[in-house]
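Worksheet for the structure shown next.
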Amino acid sequence: MRLTVLGARGAFPEAGDACSGFLVEHDGFRLLLDAGYATFPRLLAVCPAAAVDAVLITHGHPDHCVDLNPLLRARSLADDPPPALPVYAPPGALDAVLALDRPGMLDYALNPVGDGARIQIGPFTVDVRELPHFVPNNGVRVAAGGVALAYQGDSGPTPDLAALADGAALLIAEATYPEAVPEHSAGRLSSALDAGAAATDAGRLLLTHLWPGLPAAPAVDAARSAYAGPVEMADAGLVRDLPG
């Protein structure tokens, strides 16, 4: 299984970085995991729009889903359009993004998925757990070929995240702040320290969703104080083959 980071900033992109987006590949199948601001141009540096086989969106905040629109536009407006793109997301999460174009213009097959679902997307078996956030958010465990990765999306600390990550080769965990989440977001966002605590039974920890302008080093150090395994910050362009 190959993971390519398309972007990893929370809230809004920065120069040289995009918001949340990850391309997961196995046996030639390409699954796009979230599609936040500015991820689509970075995706095109890896593969053409028509080569994406499915999209899995964790929740409806635009820093996780808004670049689904240019991806669908590029496919639907091509001279030789590919088949409808399977898209998986919490019920209603993509209503605003999909309404940006007139009905019938974009070609997709929308599949609502929620807490407790187990779905098959190409070679990937995906287990879904709803994790606490401001809107419905699906944490996911994506497995193929005997390897699994877990991805939090955005959420507050919860034992369900550690359960998703148990035995996974990699946990991609939200770390909006290094050590403490402000009171206004407590229980709905996580820190790097929280991410380290959730990664106990995962093989590696990849931090994502860092607030724009914050340096990576304090977040990595905070996660390492709670987790003994390898820790790194997700950066656009990072590629990891799992396990590895």
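Points to keep in mind about this one:
- Given R0 = 22 Å, the distance between the Cβ atoms of Ala163 and Phe29 translates into a calculated FRET efficiency of 0.30.
- Maximal additional length on extending the Arg2-Ala51 stretch stands at 16.1 nm, based on 0.36 nm per residue less the C-alpha distance.
- Along its three principal directions, the equivalent ellipsoid of region 1-138 from the Cα gyration tensor extends over semi-axes of 20, 18, 17 Å, largest first.
- In percent, rounded to a whole number, the relative contact order of the chain is 18, using alpha-carbon pairs under 8 Å and six or more apart.
- Computed helical MRE - 222 nm, the chain, DSSP H runs ≥ 4 contributing -39500 (n - 2.57), nearest 500: -4500 deg cm²/dmol
- Net charge of neighbours whose Cβ lies under 15 Å from the Cβ of Tyr37, counting Lys and Arg as +1 and Asp and Glu as -1: -4
- The charge dipole of region 130-244, taken about its Cα centre with unit charges on the Cβ of Lys, Arg, Asp and Glu (plus for the first two, minus for the last two), comes to roughly 160 debye.
- Cα convex hull of region 141-215, projected area averaged across orientations, nm²: 4.8 nm²
- Relative protection proxy for 89-98, 213-222, from highest mean packing down: 89-98, 213-222 (other beta-carbon atoms within 10 angstrom).
- Extension gain from Leu44 to Ala117, taking 0.36 nm per residue of separation minus the Cα-Cα distance: 23.2 nm
- Here the alpha carbons of region 180-244 define both size measures, Rg and Dmax, at 12.2, 38 Å.
- Region 1-70 gives an Rg/Rh value of 0.94, both radii derived from C-alpha positions and Rh following Kirkwood.
- Simple spin-label estimate for Leu77 and Ala15 gives 2.8 nm between the two label positions (7 Å along the Cα-to-Cβ direction from each Cα).
- Environment charge of Ser76, counting only residues whose C-beta is closer than 13 Å and scoring Lys/Arg +1, Asp/Glu -1: -1
- For region 4-83, averaging the sequence separation of C-alpha pairs within contact (under 8 Å, six or more residues apart) and dividing by the residue count gives a relative contact order of 26 percent.
- Beta bridge orientation in the chain: antiparallel %, DSSP, nearest 5: 55 percent
- Here the contact order of region 113-195, divided by its residue count and restricted to Cα pairs under 8 Å and six or more residues apart, works out to 23 percent.
- Accessible area of Asp63 in the full protein assembly, 1.4 Å probe (Å², nearest 10): 10 Å²
- Among Val181, Ala199, Pro157 the positive-end extreme of the charge dipole of region 146-226 (Cβ point charges): Ala199
The values are calculated or read from the model by the stated rules, or taken from the named source; none is laboratory data. Just so it is clear, the structure is predicted and the values come from calculations on it, not from any experiment. Methodologically, a virtual Cβ is constructed for each residue, glycine included, from the backbone with ideal geometry; neighbour enumeration extends over all protein chains shown. Areas reflect the complete protein model, heavy atoms only, side chains present, ligands, DNA and RNA absent. Shrake-Rupley method; radii C 1.70, N 1.55, O 1.52, S 1.80 Å.
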